[in-house]
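Some notes on the structure that comes next.
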Amino acid sequence: MRMREEEIEKLRGVVRDCLSKHLYSSAIFFADKVTAFTEDPADIYMQAQALFLGRHFRRAFHLLNASKIVLRDPRFRYLAAKCLEELKEWDQCLAMLGDANVDEHGNVLDNKDHSGMYLDKDCEDREINIVAATCFLRGKAYEALENRTQARLWYKAAIKADPLCYEALECLIESHMLTCDEESSLLSSLQFGPEDGWLPSFYACLIKKYDKENIIEARFKELERETFNSKSSDPSFIRTLKTNTDLLACKAEYYHQCGEYQKCFELTSVLLEKDPFHLKSTLVHLAAAMELGHSNELYLMACNLVKDYPQKALSWFAVGCYYYCIKKYDQSRRYFSKATTLDGTFAPAWIGYGNAYAAQEEGDQAMSAYRTGARLFPGCHLPTLYIGMEYMRTHSFKLAEQFFVQAKTICPSDPLVYNELGVVAYDMKEYNKAAWWFEKTLACIPSPLSEMWEPTVVNLAHSYRKLKMYREAIKYYEKALALSTRSLSTYAGLAYTCHLQDHFTAAITYYHKALWLKPDDQFCTEMLSLALMDECQNGMDPKVEVC
C-alpha cells in the first residue's frame with residue numbers, strides 16, 4: 001500500500017500532537033508507521049524522540065545506533081547519548097559523544113563544524129546550541145563518574161557555547177564548583193544576544209552574593225525595573241520581573257547571607273504560599289527557620305517534603321534540620337546521612353552532617369564530613385571554615401588560621417571568615433591583628449547591624465581593651481549594648497574597662513548588671529568585690545562617669 005506525501009505529513013502531525021499531549025504509546029505507534037513508509041532521517045529521529053519520551057531508552061538507542069546517520073549528525077549522536085545517560089551507562093555515553101578536549105577556561109579545543117544538519121525546523125523558535133547541549137551532557141557524565149574536575153570544565157564549556165544553557169550554570173552554582181571570583185569571571189566572558197539584555201543581570205543575582213551591599217541591591221533594582229510591554233499602546237500590559245519567584249528566592253538567599261533571618265523567613269513564607277513546590281525557596285526557608293529556631297515550621301515542612309518528594313535529598317535534609325533544631329543530634333545525623341546517600345552533591349547535607357557531630361564535640365567525625373564537603377565543593381568555603389572552627393575548639397590556633405585563610409581565598413568577602421580570623425588572632429594574643437580583622441568584618445556587613453553581629457562588636461571592644469585603647473573599647477561596648485542588652489560578655493567587658501580606668505562606680509554598676517544575667521559568674525563576682533574595696537579605699541567618684 002502506498003501513501004501520498006500529504007497523508008504522511010498528516011500522520012507526522014498526529015505524532016507531534018500525541019507527543020504534545022503526552023500520549024507516548026500512540027506517538028510511538030504512528031511514528032513507527034511513518035518511518036516504515038519514508039525511511040527519512042527526520043522521521044527516524046521523530047520515532048526515536050517518541051521512544052525516548054515514552055521511556056523506551058534501549059529501543060530508542062538501538063533505532064538510532066542502527067541508522068547510518070548517528071555518527072554524522074550531532075542531533076542523532078546527542079539523543080543516542082541521552083538514552084545511555086538514562087540507562088546510567090556513563091562510559092558508553094561519553095564514547096557516543098566522541099573525543100573532545102576542553103581547556104581550563106571551558107573553551108572547546110577541537111570543535112568540529114556542526115553546520116551540516118539533517119534536521120531543520122520549520123518554526124522560528126530560538127534553539128539552544130547543540131554544541132552547548134553536548135558539552136552539558138559530557139559534564140553530567142563526568143560528574144556521575146566522580147571526575148568533578150572534568151565535569152566543571154564541560155559545564156563551563158556548555159554555558160560559554162550558549163548562555164541560554166541555564167542547566168549548566170545551575171550545576172556549577174548548586175554544586176559549588178567555582179569560587180566567587182571564578183563565577184564572576186565566567187559570567188563576564190559570556191556572549192549574550194542583543195535580545196538578552198535582562199539575562200546577565202539575572203545570572204549575576206544567581207551567583208554567590210558576597211559583593212558590597214550597594215552592588216547587590218543595584219542588581220536587584222535593575223532587574224525589577226526591566227519591563228516587557230506586550231501591547232505598547234496599552235500601559236496596563238507592561239510586565240516586570242519584580243514578583244518573579246526565582247528573583248525573590250535570590251533576594252531571600254541574600255538576606256540569609258546577611259544574617260537577616262527574620263526578613264528572609266518572611267519573604268520565603270510569602271514565596272511558598274505563591275508556589276509551594278519551589279524547591280530553591282524551600283531550601284532557603286529551611287535554613288532561615290533553623291537559624292530562628294522555628295522547630296514547628298521545620299516539622300511541618302519536613303512532613304510535607306517527605307510525602308511529596310521521598311526520593312529527594314532535600315526532604316531528608318529537612319528532617320535532619322528538625323532534629324538538629326530540637327537538639328536530637330543522633331537522629332539529625334541519621335537523616336543528614338540519608339540525604340547524602342540520595343544525592344552526594346547536595347552540599348547542605350554534608351555541612352549539616354558535620355555540624356551534628358560537632359554539636360556533640362565528636363571532632364574526628366565532624367572533620368571527616370567537612371573534609372568530604374571541601375573535596376566535593378571546591379567553590380564552597382563553609383566546609384573549610386568549619387574545619388578551622390574545629391581546630392579552634394582544640395586550641396590548634398595555627399592550623400585553624402591556615403584553614404580560615406584558605407576559606408578567605410575561596411570567598412574573599414564573607415564577613416564570617418574575617419570574624420574567625422579575628423578570633424584566632426585574639427586567642428594567639430595578637431591584639432592589633434585581631435582588632436584589624438574585626439574592623440574588616442564590620443566593614444563588610446550591610447548596615448544597620450543586626451543582633452547576629454553583636455559578638456563581633458564585643459570582640460573588637462575586647463581587642464581595644466587589651467591594647468589599652470579604653471575610649472575606643474567603651475565606644476564599641478556601648479554599640480554592642482545597642483544590639484543586645486542581655487550579653488554577659490558586654491557588661492563584664494565594659495565593667496572591667498571602667499575598673500581599669502579607676503571609674504569604680506560605673507564598674508560596680510556594670511558588674512551588677514552582668515551578675516543579674518548570670519549570678520554565679522566567678523570573674524564578675526571577684527571583680528565586683530575588688531571594685532567595692534577600691535571604691536572604699538579611694539572614695540566615691542566625684543561624679544557619675546559615662547564610660
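The values are calculated or read from the model by the stated rules, or taken from the named source; none is laboratory data. Quick caveat, the model's predicted, so the values are computed rather than measured. Cβ coordinates were reconstructed from backbone atoms using ideal geometry, including for glycine residues, and neighbour counts include every protein chain displayed. Areas reflect the complete protein model, heavy atoms only, side chains present, ligands, DNA and RNA absent. Shrake-Rupley method; radii C 1.70, N 1.55, O 1.52, S 1.80 Å.
Okay, residues lined up against (1) hydrophobic (A, V, I, L, M, F, W, C); (2) open to solvent by 20 Å² or more (accessible area, probe 1.4 Å):
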| site | (1), (2) |
| --- | --- |
| Lys21 | no, yes |
| Ser25 | no, yes |
| Phe29 | yes, yes |
| Lys33 | no, yes |
| Thr38 | no, yes |
| Pro41 | no, yes |
| Gln47 | no, no |
| Arg55 | no, yes |
Exercise. Can you name the residue in region 531-545 that is of a type in the set (A, V, I, L, M) and loosely packed, with under 14 Cβ neighbours inside 10 Å and, of all such residues, is modelled with the lowest pLDDT?
Worked result: Val544
Exercise. Is there a residue in region 383-393 that is in contact with an Asp or Glu (Cβ under 8 Å, 6 or more places away or on another chain) and open to solvent by 30 Å² or more (accessible area, probe 1.4 Å)?
Worked result: yes
Exercise. Just for region 507-520: of the residues that are open to solvent by 10 Å² or more (accessible area, probe 1.4 Å) and among the hydrophobic types (A, V, I, L, M, F, W, C), which one is farthest from the chain's Cα centre (by Cα)?
Worked result: Ile508
For this session: Considering only region 447-498, state which residues are among the β-branched types (Val, Ile, Thr) and over 37 Å from the mean Cα position of the chain (by Cα).
Result: Ile474, Thr497
Exercise. (1) over 21 Å from Trp453 (Cβ atoms); (2) touching a residue at least 40 places away in the same chain (Cβ under 8 Å); (3) small (Gly, Ala, Ser): which one isn't true of Ser413, the others all being true?
Worked result: (1)
Exercise. Counting just the residues of region 280-312 that are assigned to a helix (DSSP H, G or I) and small (Gly, Ala, Ser), which one comes out farthest from Phe336 (Cα to Cα)?
Worked result: Ser281
Exercise. Restricting region 475-518 to residues that are touching a Phe, Trp or Tyr at 6+ places or on another chain (Cβ under 8 Å) and among the β-branched types (Val, Ile, Thr), which is farthest from Asn538 (Cα to Cα)?
Worked result: Thr490
For this session: Tell me, yes or no, whether region 351-369 has at least one residue that is part of a helix (DSSP H, G or I), in contact (Cβ under 8 Å) with a residue 60 or more places away in the chain and open to solvent by less than 30 Å² (accessible area, probe 1.4 Å).
Result: no
Seminar exercise, completed: Exactly one of Pro455, Pro448 is touching a residue at least 12 places away in the same chain (Cβ under 8 Å) and either among the aromatic types (Phe, Trp, Tyr) or closer than 18 Å to Gly259 by Cβ (or both), and that one is Pro455
For this session: For region 453-461, indicate whether the set of residues that are part of a helix (DSSP H, G or I), among the polar types (S, T, N, Q) and under 30 Å from Glu291 (Cβ atoms) is non-empty.
Result: yes
Problem set entry | Number of the exception - Cys380 against (1) surrounded by fewer than 18 Cβ atoms within 10 Å (Cβ to Cβ); (2) not in a helix (DSSP H, G or I) | (1)
For this session: Report, by residue number, each residue of region 497-509 that is in contact (Cβ under 8 Å) with a residue 24 or more places away in the chain and assigned to a helix (DSSP H, G or I).
Result: Thr497, Cys498, His499, Leu500, Phe504, Thr505, Ala506, Ala507, Ile508
Seminar exercise, completed: In region 455-484, anything surrounded by fewer than 19 Cβ atoms within 10 Å (Cβ to Cβ), in contact with a Leu (Cβ under 9 Å, 6 or more places away or on another chain) and farther than 22 Å from Tyr431 by Cα is listed as Ala482
Seminar exercise, completed: Expected output for region 140-158 (first residue over 14 Å from Ala100 (Cα atoms), partner open to solvent by 40 Å² or more (accessible area, probe 1.4 Å), Cβ below 7 Å, 6+ apart or cross-chain) is Ala144/Trp90; Leu145/Trp90
Exercise. Is at least one residue of region 65-77 more than 27 Å from Leu137 (Cβ to Cβ), surrounded by fewer than 17 Cβ atoms within 10 Å (Cβ to Cβ) and at pLDDT below 95?
Worked result: no
Problem set entry | Ser489 under 22 Å from Asn432 (Cα atoms), surrounded by fewer than 23 Cβ atoms within 10 Å (Cβ to Cβ) and not assigned by TED's automatic domain parsing to the domain that holds Thr441 | yes
Problem set entry | Filtered residue count, region 403-437, keeping only those that are under 14 Å from Tyr370 (Cβ atoms), open to solvent by 40 Å² or more (accessible area, probe 1.4 Å) and out of contact with any Leu (no Cβ under 8 Å at 6 or more places or on another chain) | 1
Problem set entry | Number of the condition not met by Gln311 [criteria: (1) under 29 Å from Met392 (Cα atoms); (2) open to solvent by 30 Å² or more (accessible area, probe 1.4 Å)] | (1)
Problem set entry | Residue that is modelled with the highest pLDDT, among those in region 209-268 that are assigned to a helix (DSSP H, G or I), open to solvent by 40 Å² or more (accessible area, probe 1.4 Å) and of a type in the set (S, T, N, Q) | Gln262
